[in-house]
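This report refers to the structure that appears directly beneath it.
The values are calculated or read from the model by the stated rules, or taken from the named source; none is laboratory data. Keep in mind it's a predicted model, so treat the numbers as computed, not measured. Neighbour counts are summed over all protein chains in view; Cβ atoms, including those assigned to glycine, are modelled from backbone coordinates with ideal geometry. Keep in mind that these areas ignore ligands, DNA and RNA; they rest on the heavy atoms of the full protein, side chains included. Shrake-Rupley method; radii C 1.70, N 1.55, O 1.52, S 1.80 Å.
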Amino acid sequence: MDDSICQRISRIYAAIGAIEQADPHMLKATVIQTNKIRAVFQDFRGGFSDEELSNQAHTVIHNIANLRDHLARWAAQNGQDKTKVDQTIDSCLDLQIVQDLSNNDKHGYPPRDGGRSGKSPQIIEINRVLCLQTQAKQGSMIGMTIGPGGVPEFIGDGSAKAVVTGEVVDNAKNRIGDLYQIVNKAVEGWERLLADFGLITVSSGT
């Protein structure tokens, strides 16, 4: 694989990993205990400021969006159909939204004519929250309690992690979707094209 494309793909996965935290010891709650009260405070932000969370979110967005031009150049230089790059974006709303969010950050809001998605997407309320997910089978469950020292204890066979996300809305503040879900679906869109170009192998379970 071309080293520059390999690095770009690795950066996308690294950026996704940077907005996820699954280690319970890194998700400790604040335990408040006095003679009168015992309380637990948990917000899953990990001490990050609003600006730090925004930076993490936009790093993911830019890494995903910026792959477009590099892939088109690679395709043209390696005998592949570079029009498939824009076709992939046109067939994936999540990629269109990520492209718009990246352009908004570079050029300002609102985008001309609603942007590539036509929805004038923008992010509000960027935060880091706990994401609990069961397995795709009957009877699967996931729950959480607070253990000693405020360390979360997860119960069940599902997954649990804190993720940086936000509400993606249009110019009238109508909800479009969840940022974390959108960026992951956008990556899946790129993965399908990368597999078509022979750059990666996507397992049947992906």
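Brief remarks on what is shown
- Qualifying positions in the stretch 1-51 - surrounded by 13 or more Cβ atoms within 10 Å (Cβ to Cβ), of a type in the set (Gly, Ala, Ser) and at positive phi: GLY46
- Scan the stretch 102-148 for residues that are among the acidic types (Asp, Glu) and either touching a residue at least 12 places away in the same chain (Cβ under 8 Å) or closer than 30 Å to THR30 by Cβ (or both) and the total you get is 2.
- Of the residues making up the stretch 11-41, those that are part of a loop (DSSP other than H, G, I, E, B), at pLDDT 90 or above and not β-branched (Val, Ile, Thr) are ALA22, ASP23, LEU27, LYS28, ALA29.
- Scanning the stretch 149-180 for residues that are open to solvent by 20 Å² or more (accessible area, probe 1.4 Å), touching a residue at least 60 places away in the same chain (Cβ under 8 Å) and in contact with an Asp or Glu (Cβ under 8 Å, 6 or more places away or on another chain) gives LYS161, ILE176.
- Only a single criterion out of (1) more than 30 Å from GLN33 (Cα to Cα); (2) out of contact with any Ser or Thr (no Cβ under 7 Å at 6 or more places or on another chain); (3) not in a loop (DSSP other than H, G, I, E, B) is not satisfied by SER117, namely (3).
- Yes/no for ILE200 being among the β-branched types (Val, Ile, Thr) and within 21 Å of LYS82 (Cβ to Cβ): yes
- ILE97 vs. criteria among the hydrophobic types (A, V, I, L, M, F, W, C) and at pLDDT below 95: no
- Any chance ARG116 is open to solvent by less than 50 Å² (accessible area, probe 1.4 Å), among the basic types (Lys, Arg), in contact with a helix residue (DSSP H, G or I) (Cβ under 8 Å, 6 or more places away or on another chain) and at pLDDT 95 or above: no
- Candidates ILE124, ILE142, ILE146: the one that is of a type in the set (A, V, I, L, M), out of contact with any Cys (no Cβ under 6 Å at 6 or more places or on another chain), open to solvent by less than 80 Å² (accessible area, probe 1.4 Å) and within 20 Å of ILE61 (Cα to Cα) is ILE124.
- Leading residue by the ranking (most open to solvent (accessible area, probe 1.4 Å)) among those in the stretch 52-105 that are over 20 Å from ILE123 (Cβ atoms) and outside any helix (DSSP H, G or I): LYS82
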